[in-house]
1. Report the residue count in the range 248-266 for those that are more than 24 Å from Gln109 (Cα to Cα) and surrounded by fewer than 24 Cβ atoms within 10 Å (Cβ to Cβ).
2. Taking the conditions exactly as written (farther than 30 Å from Gly48 by Cα, surrounded by 20 or more Cβ atoms within 10 Å (Cβ to Cβ) and not assigned by TED's automatic domain parsing to the domain that holds Val110), does Phe274 satisfy them or not?
3. Do any residues in the range 167-196 that are free of Cβ contacts under 8 Å to residues at least 24 places away in the same chain have Cβ atoms under 6 Å from those of residues that are in a strand (DSSP E or B), where the two are at least six apart or on different chains, and which pairs are they?
4. Would it be correct to say that Ala263 is farther than 19 Å from Glu145 by Cβ and at pLDDT below 95?
5. Would you pick out the residues in the range 94-114 that are at pLDDT below 70 and either closer than 16 Å to Thr46 by Cα or surrounded by fewer than 21 Cβ atoms within 10 Å (Cβ to Cβ) (or both)?
6. Would you be able to say whether some residue in the range 115-130 is in a loop (DSSP other than H, G, I, E, B) and at pLDDT 75 or above?
7. Please report, ordered by residue number, the strands (runs of 3 or more DSSP E) entirely within the range 168-249 with at least 2 residues that are at pLDDT 90 or above and within 16 Å of Phe291 (Cβ to Cβ).
Amino acid sequence: MLPGVIILILGLQLRSCATDLCNWTGSGFAAGVDSRIVLQVQLRCTEGSVRWIYPGQALRVVLEPNLSSARRTTVCIKPSPSLHGASVFIERAGELQLLLTEGGRPEQQVFCFRADGPHRPAIYLQSSPQSAGSWSRRTMGFRYELLSNRSAAPNVGHTGLQASCQPCNNTQLLMAICNSDFVVRGYINNVSHDSERQTSLVEVSAERVYWQRSGVFEQQASVSGSPPPGPSWRGHIHTLMQCHVKPGDGEFLFTGSEHFGEAWLGCAPRYKDFLSVYQTAWAARQNSCDFPLD
C-alpha cells in the first residue's frame, strides 16, 4: 500500500448491464470532498478503455472479464498521451507495484503484466497533488487488453508487446491461418524503423484481405470510385527491428495479431510456400481449418 494514502472505496452502483461493461468514463469530482477516497470501477470485457475526467486522488480499475477459458493470463495497457501527472500501479494480492511514474512518457509504450493467481487484475492510478487539486478540465486514461496464449499472439513482457522473429514451422503456419486476427496476401512496399522503440513498420499492399479483426487494412479507390488496378488494399504491420524485415520481390501471406489498433506480424511465408504446405496438409486431412484458395 502507498504510504500516507488511506484507501476508502467509493463503490459504483453497477447496473445489470455491467456484465457487458467494457469502457468507463467518469469524473473525479466525487473524490474532491475527501482526498482519501479512491474511486473503484469494475470492467467485464477482455478489452476496452478508461477515461477519467477531472481526475481526483486515485482510481482503482478491477478487470473481471467473463471468460470461458483461463488462458488469458496477461494484461496489457496503453496509457493515453494525456496521462501526465499520474503514477500507474498494478495490484497483486493487495500489494501495489509501480508500472509508470508521473514523469514517464506513456504515449511511447505499452505495458504488460501477468495476471495469474486467484485475484482479479487491478490497475491503480494516483494523481499527483497538483493534478488532483487543480480541478482543471483534463482527462487521464488508458486502453486495456487481456491476451490469450494463442499461437498468433506476440510475446509480452513488462515493456509491452514483442513480435517473434523465429520462422514458423508447418504446424504453426496452419494454426496461424485459423487463429490470426488478420490474414492478408500481398507485397512489401517499404520498411521504416523506429530506433527508440526498436520496431519496424512494414508497409503492405494487398491483393486479398481474407479477414481482419478491425480496419487495419483499408481498401483504396480511384478518383472515379472504381477499384484501382493492381493491389487495392493498403496497411501497415509492426514487428521488431531485430527481425530485419526488408522490402523485396515476391508475394507473401501475412498473418498476425491486432493490439490497440495496430497489426503485429506473426507468420509470413511466401504465398507459393504456403500453398505447398496447405495442399499437402489438405491431402492428408491434417489442415486445422479450411482456407480459400484462389
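1. Result for the range 248-266: 5.
2. Yes, satisfied.
3. Pairs found: Ser192/Leu201.
4. no
5. Passing the criteria: Glu102, Gly103, Gly104, Arg105, Glu107, Gln108.
6. yes
7. Passing ranges, in order: 182-194, 199-212.
The values are calculated or read from the model by the stated rules, or taken from the named source; none is laboratory data. As the structure is a computational prediction, the values presented were derived from the model and not from experiment. Backbone-built Cβ (ideal geometry, glycine too); neighbour counts: all protein chains shown.
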